[in-house]
Every structure is written in structure tokens, then in C-alpha cells.
């Protein structure tokens, strides 16, 4: 697979954005009939130090594309990367709609643009939106179902992924995703165990770990923007992972680059270990539990 890159060569203002939430907006205007890409390889599941990755190549010759699903946390949340020459006309400064079909609704937001070597324009985002009332299409029409409890059950409701912007739409014919998603979930559980966490306890978390002094922390990280990277107009995206014990103490912190990160370091973790104040996660009874805190840190220049 190719390696993603980010960065802009303009006079810069040193900046950092720490994102821990997802913003959704209304559904977009209807796109034209999508260009449909079929698979040209089997699904590949990779176990990495910091995540589990499902990837598959689609299309042929001039429209060779790749679809990637990453999972680096417990539960049902996942992120995705789509890269294709067919996405070159998509504007990076506009919202696009992504949808896992047929049983999920579009999610509309500005996806993070990337360059993916060998595959052209790429976008990265996360999440999916179940139909209202967890409704699923059946042969007899629209029928209510229970919310799927596992990632494998969610996968059984997915046959394709589509990304659209304006009238342009590209659809990836994924095939049945029950087994691939179940394998991805198993990989993620193994990853949590390797980090000293109990997957079942993580599933039972009711109240997430909270950064008490997040604004102060972000300002300190901002002041540590590497001068060599800033002078060259370089940016980077990191996933910062922190294991937090029942008292809110940091067990360990690691930075994992999601894009090229030349000239960047793990200063954010060093600052977190020294200064970040955390409230521990809690179960439904209010009992503190050991947990994993994920935060995306984006360095960019203006």
C-alpha cells in the first residue's frame, strides 16, 4: 500500500487542533448514478503495532483504487481511507458524503484530504450512521430491527461504500462484510490485550475519560510545533493514545503518525505525562475503570 502525505508550503502560523468528536450535518443533494468499482484482490487484514487494517484493491488500469478500514480502539468505531484517481475532481475544501450501504445513511463532513502514492487523491474519515430507529431494508420494505451488538453484525448489513460530492459519486462494491468485520474486531481485541486492557471492560465503559485541562494542554503542544517542520510548511496528523488507570493516572502515552511526519516528534506525549489532568472512565454504575483515550492531533500551517 502507498504512504499518505500531508503538508502545505505557505508562510505559516503554528497551529494544533486536537479532535475528539465527530460533527455531522444534513444530507447532501442527490448525486448522479455512481461509478461502480469491483474488487481486483481479496481482503487483506494486517496486524500493526497501533491498529488493525483491512484493505482491498478495486478497479483496473487507469482507475485502480484502494479502500482501507482501520480500527485502533474498542467497540464499533472505525475509520476509513479511500484513494482513487476518480476522486481527483473532488474539492478538498468542500464537504463530501460517505455511506456504507444499503443499511446506513450518509455521513456528511469535510474528510481529511491525503495524497496516497500510486492511487491518486485520497480522503480519510471515520464512522457511519445507522438508519433512524435502526431500520433495515428487507425484501418486504422497511423493517425495524435491534441495534447490531457486534462489529460482525454491523458488517452483515454492509455491501458497498460510496463517497460523493455534488453530482459525482464513486461506489466500491465491497461484498459481504460480516466475516471481514468480525476478523477486524478480533484483531482489535488482541491489540487491546497487548496494551494491558480488558476488551470486555472497555465495552462496558459508560462515561469516557475526560481531559480536564484540554485547552491548556493544546496551547502547550502548540508552542512545541517543531521549528524545522514549520519553516518548511509541513503538517502532520497523529493519533495520540493514552492508557488511563482507575485513578486517572497515565499508564503510558504513544504517538502514532497517520501521515508522513518528517521533522515531528512525540512532544505531545511528554507534555501529557507532565501536565494533562484526566478524569477516569466509568462504567454504568459509576465505578472508575481502566481505559484507552484516543485523540487526533493535527499539525497544520497557514
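Below, the figures for the structure above:
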quantity: Residue match in the range 158-169 (condition: modelled with pLDDT under 95, in a loop (DSSP other than H, G, I, E, B) and assigned by TED's automatic domain parsing to the domain that holds residue 264); calculated: no
quantity: Sole exception among (1) at pLDDT 90 or above; (2) touching a strand residue (DSSP E or B) at 6+ places or on another chain (Cβ under 7 Å) for residue 15, by number; calculated: (1)
quantity: Candidate set from the range 131-154 (those that are at pLDDT 75 or above and touching a strand residue (DSSP E or B) at 6+ places or on another chain (Cβ under 9 Å)); member that is farthest from residue 298 (Cα to Cα); calculated: 154
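The values are calculated or read from the model by the stated rules, or taken from the named source; none is laboratory data. Everything numeric here is computed off the predicted structure, so don't read it as measured data. Because the Cβ atoms are built from the backbone with ideal geometry, glycine has one as well, and the counts that use them run over all protein chains shown.
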